[in-house]
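Q: A single structure is presented below for examination.
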Amino acid sequence: MSTAPSPGPAATPATNPVPLPAVEPDAATLARAAERAAGEALAPSAAHRLADVVPAPQRVQPDPTGDWTLPAEAVIVASPDPAALAVAEQLAGLLRPATGYPLPVTDAAAPAPVDGIALVLDETAADLGAEGYRLDVTTNGVRVTAVTATGLFHGVQTLRQLLPAAIESPTPVTERWAVPGGTITDAPRFPYRGAMLDVARHFFAVEDVLRVVDHLARYKLNHLHLHLTDDQGWRIAVDSWPKLTTVGGATEVGDGPGGFYTKADYARIVSYAAARHITVVPEIDLPGHTNSALVAYPELAPDKIAPPPYTGTEVGFSYVDPADDRTYDFIADVLGELAAITPGPWLHIGGDEAFKVKGEVYTGFVERVQRIVAGLGKTVVGWHQLAPAAHVDGRVLQWWGTNGEDPTTVEAVRQGARLIVSPGNHAYLDMKYAPDTPIGHDWAGLIDVRKAYEWDPGTHVTGVPAEAVLGVEAPLWTESVTSLADIEFLLLPRLPAIAELGWSPRATHDWAGFRDRLAGHGPRWATAGIAFHRSVEIPWPARPTTPVPATRQPAGDAQLPLGSDAG
């Protein structure tokens, strides 16, 4: 670019200065100017919604003078750590499709937002804990600070919610990408916050499971419990017992084709979840709920006769032979192979509804299986029916009752067990919202959004102290669930309610406030193409804003769709 000459002595009246040629702005500059003007016309000021986050943050300090608008030239800069840079790339992947901005990612020893976004790992911020973060929005940009990449990831999910709902668009739209100013300091109440997907009653493809992972990540849930085996189907490959899948995996409720995950499939799910800071908890349900295994291997049955395949929905009739050592060889092989491909610390062994294995026979079986799990270097998790069995170090019971009075579980906690709380009448997301809900059950009652929200995991089981509660989980059983749309319909909008109970301080729990914050997520889900139930309890926006498509093409890598493998 040419430079004008330095001015000489002042010109005399008889001398006319020579005008410099005008510099024409290039097409890109004109396009950015038009885009910014259009965005300002669409949204002349940022709605101050710093507190409109789900789950509710620990502390919010708004600054109405600190609003910031994401410019097309913004850069995302992260600490020079591979995990921090991976989160930065995920953030860019979330923002590029709707904005069309390139949003390059770089690193720096001391990242600072210069009209951009900085993701900073700071070991001195120990008060934030392993999953906490601090998000600062000023007129200069956004800074997310955390001790770990997990904390940065959670901060990114909050930033995502602070942008307009149109940020969920898979294609570029014209919008003023304004973020409200201020500071959020946040950390979870419970270390375990999860959801369970039953892939045994109906089988779901890997891509469907990955999309569920994305829904969990959006609301800062950090565990995905996969119910991999049941009477209707066996869904995980076991090399040493191949007929478990070739025979036992060929059925499902309603006589559908069934299916199973290869070890490569399972590794893909585990890896995708780990990239989103979610731990997979696999479940092999024992000693009951095992008809599919008995069909494949009759030697495991008490009478050594193969039962017919089962595609109904009753429970409690099947069990592996607790008196045969071959049963324990089978269990050791299955759990051993599963432990080898599961990096997380948990192995879930079920234990529920084994109605035909009673008393000392049941507790003896459980104690032997618990020792197998411990020998594999894993921590045993099981439904609360495991409570009468002798305690092993670290044991976790998943409580799914509908009455908070449970002396047997209280005694197990006194001996050292911890609880994951999943009350059937509050957290079971396969329950119907209302009598006319087209899918789901009602044996535990109807669960509308308010009922999913208005309970306290820390005090729900009488006699169990809050410090013994590891966390909360929302199970989704799939007897009546046959598609991804069904899954999403039952998850949303109740999943965010459970997520808030697990993440947010008890003092922030308020139904009126939650329902208003949740209402803003309807347009986000609709924009992202996510199915959900438009509960009459929630004041959804009457006319969701339709994003204005932009004429430009997205710059850089487009966001991979929900359920893609890039992490």
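The values are calculated or read from the model by the stated rules, or taken from the named source; none is laboratory data. In this text, all values refer to a predicted model and were calculated from it rather than measured experimentally. All Cβ positions, even for glycine, are placed from backbone atoms using ideal geometry, and neighbour counts span all protein chains on display. Each accessible area value is taken on the protein alone, full model and side chains, heavy atoms only, with ligands, DNA and RNA left out. Shrake-Rupley method; radii C 1.70, N 1.55, O 1.52, S 1.80 Å.
Q: Quick one: length gained pulling GLU73 to ASP333 fully straight, 0.36 nm per residue minus the C-alpha distance?
A: Gain on stretching GLU73 to ASP333: 88.1 nm.
Q: Can you pull a Stokes-Einstein diffusion coefficient for the range 351-398 at 4 °C (1.567 mPa s), Rh from Kirkwood over Cα pairs, as a whole number of µm²/s? Display every interim value, and only then the final one.
A: Numbers: Rh = 10.8 Å.
My calculation gives 120 µm²/s for D.
Q: Given Cβ point charges of +1 (Lys, Arg) and -1 (Asp, Glu) and nothing else, what value in debye, to the nearest 20, does the dipole of the range 310-464 about its Cα centre take? If you can, show how the numbers build up before the last one.
A: Working: 12 positive and 21 negative charges, 70 e Å.
Rounded to the nearest 20 debye, it is 340 debye.
Q: Please state the shape class of the range 426-476: rounded when a/c is under 1.5, otherwise prolate if a/b exceeds b/c and oblate if not, all from the C-alpha gyration tensor. Each step should come with its number before you reach the end.
A: Numbers: a/c = 2.96, a/b = 2.54, b/c = 1.17.
The shape class here is prolate.
Q: Another question, if that's okay. For ALA110 and GLU207 in one chain, what is 0.36 nm times their gap in residues minus the Cα-Cα distance, to one decimal in nm? Show your work: numbers first, answer last.
A: Details: separation 97, 0.36 × 97 = 34.92 nm, distance 3.78 nm.
Extending this stretch completely gives an extra 31.1 nm.
Q: Now for a separate question. Specify which residue in the list ALA528, SER240, VAL392 is farthest towards the positive end of the charge dipole of the chain, using unit charges on the beta carbon of Lys, Arg (+1) and Asp, Glu (-1), about the Cα centre.
A: Of the listed residues, the answer is ALA528.
Q: How would LYS243, LYS378, LYS356 line up by accessible area, probe 1.4 Å, largest first? Present the calculation step by step, with values, prior to reporting the outcome.
A: On the way: LYS243 90, LYS378 35, LYS356 125 Å².
Descending accessible area places them as LYS356, LYS243, LYS378.
Q: Between the range 103-131 and the range 456-491, what's the alpha-carbon centroid distance in Å?
A: Between the Cα centres of the range 103-131 and the range 456-491 lies a distance of 33 Å.
Q: With a ≥ b ≥ c taken as the square roots of the eigenvalues of the C-alpha gyration tensor of the range 344-448, please select rounded if a/c is under 1.5 and otherwise prolate if a/b is larger than b/c or oblate if it is not?
A: Numbers: a/c = 2.11, a/b = 1.98, b/c = 1.07.
Prolate shape, in that a/c is at least 1.5 and a/b is the bigger ratio.
Q: Using Cα centres only, tell me the gap between the range 387-423 and the range 148-186 in whole Å.
A: 38
Q: Please give the charge dipole size of the chain, origin at the Cα centre, charges +1 on K and R Cβ atoms and -1 on D and E Cβ atoms. Round to the nearest 20 debye. Don't skip to the end; give the middle numbers.
A: Working: 41 positive and 66 negative charges, 216 e Å.
Roughly 1040 debye, rounded to the nearest 20.
Q: Could you tell me how many degrees, from 0 to 90 and to the nearest 10, lie between the Cα long axis of helix 325-340 and the main elongation axis, the longest principal axis, of the Cα atoms of the chain?
A: The angle comes out at about 10 degrees.
Q: Follow-up question, since we're still on this one. For the chain, what number results from the quotient of the Cα radius of gyration and 2.2 N^0.38 Å?
A: 1.11
Q: Label VAL361 and SER483 with points 7 Å out from Cα along Cα→Cβ: what is the distance between them in nm?
A: Label at VAL361, label at SER483, 4.4 nm between them.
Q: Calculate, for THR262 and ILE305, the FRET efficiency according to 1/(1 + (r/R0)^6) with r their C-beta to C-beta distance and R0 22 Å; round to the nearest 0.05. Before the final figure, lay out each step's value.
A: On the way: r = 30 Å, r/R0 = 1.35.
So the FRET efficiency works out to roughly 0.15.
Q: Can you give the Kirkwood hydrodynamic radius for the range 209-253, in Å, rounded to one decimal and based on Cα pairs? Write down the numbers at each step before the final one.
A: On the way: mean 1/r = 0.0820 Å⁻¹.
Averaging 1/r across every pair of different Cα atoms and inverting gives 12.2 Å.
Q: Can you give the accessible area of TRP346, probe radius 1.4 Å, in Å² rounded to 10?
A: Rounded to the nearest 10, the figure is 30 Å².
Q: Sticking with this structure for a sec: Could you give the length gained by full extension between VAL536 and ASP325, i.e. 0.36 nm per residue of separation minus their alpha carbon distance, to one decimal place? Please list the in-between numbers first.
A: Details: separation 211, 0.36 × 211 = 75.96 nm, distance 5.47 nm.
Gain on stretching VAL536 to ASP325: 70.5 nm.
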